[in-house]
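Step one of this worksheet: look at the structure below.
A short reminder: the numbers here are calculations on the coordinates, not readings from a lab. Everything quoted here is computed from the prediction, not taken from an experiment. Here Cβ is always computed from backbone atoms with ideal geometry, including for glycine, and neighbour counts include all displayed protein chains.
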Amino acid sequence: MLPKKNHSAVFSGPKNFEIKDLPISSKDSNVLLKTLSCAVCGYDVRVFKEGHKKVRPPIVLGHEICARTLNKLNLPNNQIIPEDSRVIVSPLIPCLNCHHCSAGYFNSCNNLNEIGSSINGGFADYINIPQNNILINGIIPITNNIRDDEASLIEPLSCCLNAHLNFNIPINDEFVIIIGDGPIGLIHLQISKLYGAKTIVVGKIPSRLKEAKSIGADVALLNNDPEESIKTIWDYSYGKGGKLVIVATSNPEAIDLALKVAGKNSIVSLFAGVSKNKILRIDPNLLHYNQIALSGSFSSTPKIMKKAMDLVHEQKIDLKRLITHRFSLYEIDKAFNLTEACNGLRSVINSF
Ligand SMILES: [Zn+2]
Ligand SMILES: [Zn+2]
């Protein structure tokens, strides 16, 4: 029997959550899942503070989701997910009509909707998954050796993996410089190490840099003075600079730093969205004379999410170590405050 009410943390406008019981829609084409865990992303905190053009409150945020199926699901290609399976969910609801959708790049859909942005997401006891997500195999079963909270971080891992697949440059034995010591930076660190790169993490928080070092960063650099950091990076990389520089912080100053530590014929990738109203000044000559490609990446696809799940299953990537705080839905304010204060790494909301 369907539950009648959905206990939800409703984002009702800047800096305001209301815990409410929302009605559960019984639209046949949709699939209702029971939320198990939903992690708090930096994006959620930015939306919570200053709003976002994609987000129209009142709405339930949360797009890093682990859930349980309430009935047997029949997916495309005759795939069946049994009742009571643990799954992760791609946040994408693509239109399936535009040319990007036709090419399978659902994250580039021209009419994209997203769970936790434009339709209700995972900071609730139940989530309603629209049909266009099911048609792209957006519901992905997970293996028994992956915990619920860990599984919720497969979505951000998948976004990081999408960035690496986009670059498509070999980084084995090359220097990868990651600017940003938060959970996303530390996921990029793990992926770069997996691909055999020498890694330099640049950050501002000593406890996070310590974690970067313990994950295996060759250098974890406290960035008190950008000029000093630039010199250290060029010295350490024997004048090569980064083959790949990943900006994993929403501070726009990091982009200037990234261009100054990027080597010749390198890629600088902007991974994080930047707070609105922040204008960026860069020196175009750095791009021109050093043949630097400036690139971006956004979200991922269910196919990449499945790959990300496999990496966690095979224990090639450790997401557990990135979870430092766990809360119930009633404590969502605390989780958001900690994330905003860069206290610990990821906070996860567990639902029961
Ligand atoms: Zn996220
Ligand atoms: Zn589309």
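Quote the FRET efficiency, to the nearest 0.05, computed for Asp256 versus Asp173 with a Förster distance R0 of 30 Å and r equal to the Cβ-Cβ distance.
The value I calculate is 0.65.
Would region 263-336 count as rounded, prolate or oblate if I go by the C-alpha gyration tensor, calling it rounded below 1.5 in a/c and otherwise prolate when a/b exceeds b/c, oblate otherwise? Show your work: numbers first, answer last.
Numbers: a/c = 2.88, a/b = 1.54, b/c = 1.87.
Oblate, since a/c reaches 1.5 and b/c is not below a/b.
For the chain, modelled as a GNM with alpha-carbon contacts under 10 angstrom, which of Ile19, Ile65, Ile134 fluctuates the most?
Checking each option, the largest mean-square fluctuation is seen for Ile19.
If you rank Glu114, Glu314 by fewest surrounding Cβ atoms within 10 Å, what's the result?
By the 10 Å Cβ count, ascending, the order reads Glu314, Glu114.
Under a 10 Å cutoff between Cα atoms, tell me which one of Asn132, Asn145, Asn168 has the largest fluctuation in the Gaussian network model of the chain.
Asn168
Tell me, what ³J(HN,Hα) does each residue in region 246-253 have, in order and in whole Hz, if you take phi through Karplus 6.51 cos²θ - 1.76 cosθ + 1.60 with θ = phi - 60° and put x for Gly and Pro?
Values, residue by residue: 10, 9, 10, 8, 8, 7, x, 4 Hz.
Rounded to the nearest 5, what is the percent of antiparallel bridges among the DSSP beta bridges in the chain?
Antiparallel bridges: around 55 percent, rounded to the nearest 5.
Measure out, as a whole number of angstrom, how far apart the alpha-carbon centroids of region 246-282 and region 206-221 sit.
20
With r defined as the distance between the Cβ atoms of Lys204 and Ser25 and R0 fixed at 45 Å, what FRET efficiency is calculated, to the nearest 0.05?
0.55
Quick check: Cα centre of region 66-98 to Cα centre of region 103-181, how many Å?
Between the Cα centre of region 66-98 and that of region 103-181, the gap is 14 Å.
In what order do Cys38, Cys159, Cys98 fall by count of nearby beta-carbon atoms within 10 Å, going from fewest to most?
Ordered by Cβ neighbours within 10 Å, fewest first: Cys98, Cys159, Cys38.
Trypsin sites (Lys or Arg not before Pro) within region 226-299: which are DSSP loop residues with at most 15 other Cβ atoms inside 10 Å?
Lys240, Lys276, Lys278, Arg281
Rounded, prolate or oblate: which fits region 158-296 when a ≥ b ≥ c are the square roots of the eigenvalues of the alpha-carbon gyration tensor, with rounded for a/c under 1.5 and prolate only if a/b beats b/c?
Because its axes are fairly even, with a/c under 1.5, region 158-296 counts as rounded.
Determine, for Arg68, Arg147, Arg208, the number of other Cβ atoms within 10 Å of each Cβ, and report the residues in order from fewest to most.
On the way: Arg68 15, Arg147 19, Arg208 22.
Arranged by neighbour count, lowest to highest, Arg68, Arg147, Arg208 become Arg68, Arg147, Arg208.
Apply 1/(1 + (r/R0)^6) to the Cβ-Cβ distance of Asp218 and Cys342, taking R0 = 35 Å, and write down the FRET efficiency to the nearest 0.05.
My answer for the efficiency is 0.90.
Using a Gaussian network model on the chain with a 10 Å cutoff between Cα atoms, which of His100, His188, His164 fluctuates the most?
In this elastic network of the chain, the residue with the biggest mean-square fluctuation among His100, His188, His164 is His100.
Normalising by the residue count of the chain, find the relative contact order in percent from Cα pairs under 8 Å and 6+ residues apart.
Numbers: 770 pairs, mean separation 62.9, N = 352.
Over the chain, the number comes to 18 percent.
Å³ per residue of the Cα convex hull, for the chain?
Details: hull volume 46.8 nm³, N = 352.
Convex hull of Cα atoms, per residue: 133 Å³.
Can you show me the helix-derived [θ] at 222 nm for the chain, built from DSSP H runs with n ≥ 4 at -39,500 (n - 2.57) apiece and divided by the number of residues, rounded to the nearest 500.
Here the helix-only value at 222 nm equals -8500 deg cm²/dmol.
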